[in-house]
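For reference, the structure is listed below as structure tokens.
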Amino acid sequence: MASNSYPIKHIVTAALLAVASPLPLAAQESVDEMFALLQEADPEEAARIEERIAAAWSKSGSPAIDLLFERGSRALEAQDPVAAVEHFTAVIDFAPDFAEAYHGRATAYFLLDQTGPALDDLREVLVLNPRHFGAMRGLAIILEQIGDTETALEVYRRVLAIHPHLAHVAESVTRLEQELEGVPL
């Protein structure tokens with residue numbers, strides 16, 4: 001990838017860290033209920049619901065796995081994608097059904113300009129968690145970078161169907177629609 005993609009890498013990393021930061025969950029609120037609330041929420045409430053969804057997704061059910069996952073997340077925060085790949089790979093080795101580990105590793109691979117492995121991990125996230133709007137957004141970003149604008153637009157639209165309050169995604173949809181219609185930016 002070209003070096004001009006550097007700022008987008010920081011945006012993707014920040015998005016991952018925002019999505020992966022654990023927050024307390026309401027005791028009996030399921031992820032399904034949170035997704036239902038997300039559809040009707042105003043943008044401010046949607047941000048809080050997104051945080052609760054991310055917190056639910058970032059828990060593996062094992063304190064040891066959660067510790068390894070946290071180390072991977074901290075490595076991303078420290079802008080050390082090599083260490084992040086190592087930690088997330090360890091999580092995947094022990095908990096191959098933990099979608100967030102694949103998402104974290106995909107982000108680290110993206111930062112390392114390893115598009116193929118990043119795409120493989122994003123695919124695995126979406127197999128394990130088809131509503132993972134963060135993984136979908138990452139996939140759309142990569143698709144856009146490799147020139148598959150039409151598919152990127154389709155994926156961005158799917159993200160908005162799941163999480164209608166992601167302003168950056170809505171802006172990407174508008175921008176790509178204009179590009180595909182031949183309207184100058």
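The values are calculated or read from the model by the stated rules, or taken from the named source; none is laboratory data. Just so you know, these numbers come straight off a predicted model, no measurement behind them. Here the Cβ positions follow ideal geometry from the backbone for every residue, glycine too, while neighbour counts run over all protein chains shown.
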Neighbours by Cβ (under 8 Å, 6+ apart or cross-chain): first from region 46-69, among the hydroxyl-bearing types (Ser, Thr, Tyr); second at pLDDT below 95 and assigned to a loop (DSSP other than H, G, I, E, B): SER58/SER21; SER58/PRO22
Residues located in region 75-89, provided they are more than 16 Å from the chain's Cα centre (by Cα) and assigned to a helix (DSSP H, G or I): ALA75, VAL82, ALA83, GLU86, HIS87, THR89
Members of region 129-154 that are farther than 18 Å from ALA167 by Cα and surrounded by fewer than 18 Cβ atoms within 10 Å (Cβ to Cβ): PRO130, GLN145, ILE146, GLY147, ASP148, THR149, GLU150, THR151
Check on ALA75, over 27 Å from TYR156 (Cβ atoms), of a type in the set (A, V, I, L, M, F, W, C) and surrounded by 19 or more Cβ atoms within 10 Å (Cβ to Cβ): yes
Any hit, region 30-42, residues being of a type in the set (Val, Ile, Thr), at pLDDT 90 or above and out of contact with any strand residue (DSSP E or B) (no Cβ under 7 Å at 6 or more places or on another chain): yes
HIS103, sole failed condition from (1) closer than 24 Å to ALA47 by Cβ; (2) surrounded by fewer than 23 Cβ atoms within 10 Å (Cβ to Cβ): (2)
